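Notes follow the structure.
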């Protein structure tokens, strides 16, 4: 199979354009020892033998479906109905490209329209795009949108320290070279009240997360009013958990201007970290600064229902380097998965999943709180994650959990990776996939560790 379908003439023209005589000359700056290294490869194997060896290697790994898992921090083990994979595996969707030609793309366009409608219903917002790569890039795009809404005249962005630290890092990466000041998250002790007090006439937006990175449900009621009392034009962007919206009031009801989050819980597996889905919704007034494609429902000349790309003037094929969007076909399939997931569950199913997450997390927290040496620090309302202070470093506890008998356990997230002085704090995630037996086994393993630590003292 020819993976680079260029003719010799194609290569010659491209080389002439960049002033290089040959492909060898193109790579001349790469030292020969790196271009042609001695790889010392073993003898070739048959396909059957290669697959057998790879399977044996993979069997050494643990995965979230083979052992009890309490690891979250932005990516979660949720139930994925079998119909999701069935639909997205159909050739009509799996191979579809960006639907520029409405006449031959009605199925893809309808799927995108349904996705946007569902996200609007879920978030309580006016318009949604389809979509971003993940919640981290969606958060960065919120900053860029706010920056553009104010025609780049407002340069300050306030971001809560309780926003996922990986999202905050991506925001700073995306805005390098832009005249934007990202501030507010210098200390984990900074509250929403403290953050609002820093709003002024140069603030483009304030970004909060609820449930936040630590699982706590932030008090969004009245937040927009307090922000606008400081400055009437500052935008409020809320990062949220889509499963939590099955139980919690949507941010749109609290006058949020932008609502976004990680769509991975909506029918996407953990997938080794991707591909994921960044859902994104905003007010109609800001639609022209919204990145991504927008699909609308209409009728044709004969009165038949149809779907079209409603707004594309911001995309690459129109605006080139001035586009507000770098979102292409690869996200369409993830948006379709979320559409199927939400359609299958419906409102009642999503609420049921959310309630299971909430109650199972609180059951686990109460059981852990009763253990000597362990303290649940999440005293305010939380959803499916909570923080536990441990009698030893989280790294050592997680290592002990992996050695638990009869079944290894994947423990919670080590918050010491992101926050100084928090090496003994674990972020525990519980979803509908954690049955009572798994939770009890996790608590029993922690109890054994606690007993061991007390004995060592």
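Laboratory data are not the source of any read-out in this text; all were calculated from the coordinates shown. None of these values were measured; they are calculated from a predicted model. Here Cβ is always computed from backbone atoms with ideal geometry, including for glycine, and neighbour counts include all displayed protein chains.
Beta bridges from DSSP with both residues in the chain: antiparallel share about 60 percent, rounded to the nearest 5.
Placing a pseudo-label 7 Å from each Cα along the Cα-to-Cβ vector at residue 63 and residue 355 gives an inter-label distance of 3.2 nm.
What shape does segment 1-130 have by the C-alpha gyration tensor, where a ≥ b ≥ c are the square roots of the eigenvalues, rounded means a/c under 1.5, and otherwise prolate means a/b greater than b/c and oblate the rest? Present the calculation step by step, with values, prior to reporting the outcome.
Values: a/c = 2.32, a/b = 1.30, b/c = 1.79.
Oblate.
Length available on full extension from residue 305 to residue 287: 0.36 nm per residue minus the Cα-Cα distance, which gives 4.1 nm. Remark: the residue 417-residue 94 segment gains 112.6 nm on full extension, using 0.36 nm per residue and subtracting the alpha carbon distance. Here residue 221 and residue 55 are evaluated by their C-beta separation; at R0 = 56 Å the FRET efficiency comes out at 0.60. When each of 202, 40 is scored by the number of other beta-carbon atoms lying within 10 Å, the sequence from fewest to most is 40, 202. Shape verdict for segment 353-424, please, from the Cα gyration tensor: rounded (a/c under 1.5), prolate (a/b greater than b/c) or oblate. Verdict is oblate for segment 353-424.
Only helices enter the 222 nm calculation for the chain: every DSSP H run of n ≥ 4 contributes -39,500 (n - 2.57), and dividing by all residues gives -11500 deg cm²/dmol, rounded to 500.
Take the Cβ atoms of residue 229 and residue 183, set R0 to 25 Å, and the FRET efficiency comes out at 0.80.
Would you mind ranking 79, 422 by Cβ crowding within 10 Å, fewest neighbours first?
Listed from fewest to most nearby Cβ atoms, that is 79, 422.
Note on residue 451 and residue 39: their simple-model spin labels are 5.3 nm apart, each label 7 Å out from Cα toward Cβ. Taking label positions 7 Å along the Cα-Cβ direction at both residue 197 and residue 16, the computed distance is 6.9 nm, reported to one decimal. When only alpha carbons are used to place a centre, segment 371-440 and segment 57-96 end up 23 Å from one another. Neighbour counting of Cβ atoms within 10 Å sorts the residues 453, 347, fewest neighbours leading, into 347, 453.
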